[in-house]
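Undergrad: Got a structure here, written out as structure tokens. Questions coming.
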């Protein structure tokens with residue numbers, strides 16, 4: 001697939017730069033991963049180094065971090081006690097300090 005992408009890129013200087021970007025990515029991610037990304041780009045119908053590198057980045061996306069509990073779990077659900085608010089309101093008097 002890498003050869004197919006090279007053919008689709010063309011033969012100008014821009015195509016050469018794009019192909020070098022793909023070869024650099026092969027050194028970092030491995031040739032098999034770049035071949036797979038090239039296959040996805042060819043299957044999608046558009047070929048450029050940006051598209052292939054995008055497919056490659058999606059293949060090697062880091063795993064999301066593990067979600068750690070931030071609060072203890074409750075054994076008993078809280079009970080609503082509206083009378084408590086009435087007692088608090090009765091203790092406060094307007095204008096008193």
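Derivation of every value follows stated rules applied to the coordinates shown; laboratory data play no part. This structure is a prediction, so every number in the text was calculated from the model and none was measured. In this analysis, Cβ positions are derived from the backbone assuming ideal geometry, glycine residues included, and neighbour counts consider all displayed protein chains.
Undergrad: Taking the 0 to 90 degree range and rounding to the nearest ten, how far is the long axis of helix 49-59 tilted relative to the main principal axis of the chain, both from C-alpha atoms?
TA: 50 degrees
Undergrad: Angle between the Cα long axis of helix 82-91 and the longest principal axis of the chain, 0 to 90 degrees, nearest 10?
TA: 60 degrees
Undergrad: Calculate, for residue 61 and residue 23, the FRET efficiency according to 1/(1 + (r/R0)^6) with r their C-beta to C-beta distance and R0 30 Å; round to the nearest 0.05.
TA: Working: r = 22 Å, r/R0 = 0.73.
Result of the calculation: an efficiency of 0.85.
Undergrad: Looking at the square roots a ≥ b ≥ c of the eigenvalues of the Cα gyration tensor of the stretch 2-59, which shape do they give, rounded for a/c under 1.5, prolate if a/b is larger than b/c, or oblate?
TA: The shape class here is oblate.
Undergrad: Could you check the spin-label model distance between residue 3 and residue 40? Points 7 Å from the Cα along Cα→Cβ, value in nm.
TA: 2.4 nm
Undergrad: Helix 13-29 sits at what angle to the longest principal axis of the chain, using alpha carbons and giving 0 to 90 degrees rounded to 10?
TA: On a 0 to 90 degree scale, this one is about 60.
Undergrad: Going by how many other beta carbons lie within 10 Å of each one, how would you line up 87, 70, fewest first?
TA: 70, 87
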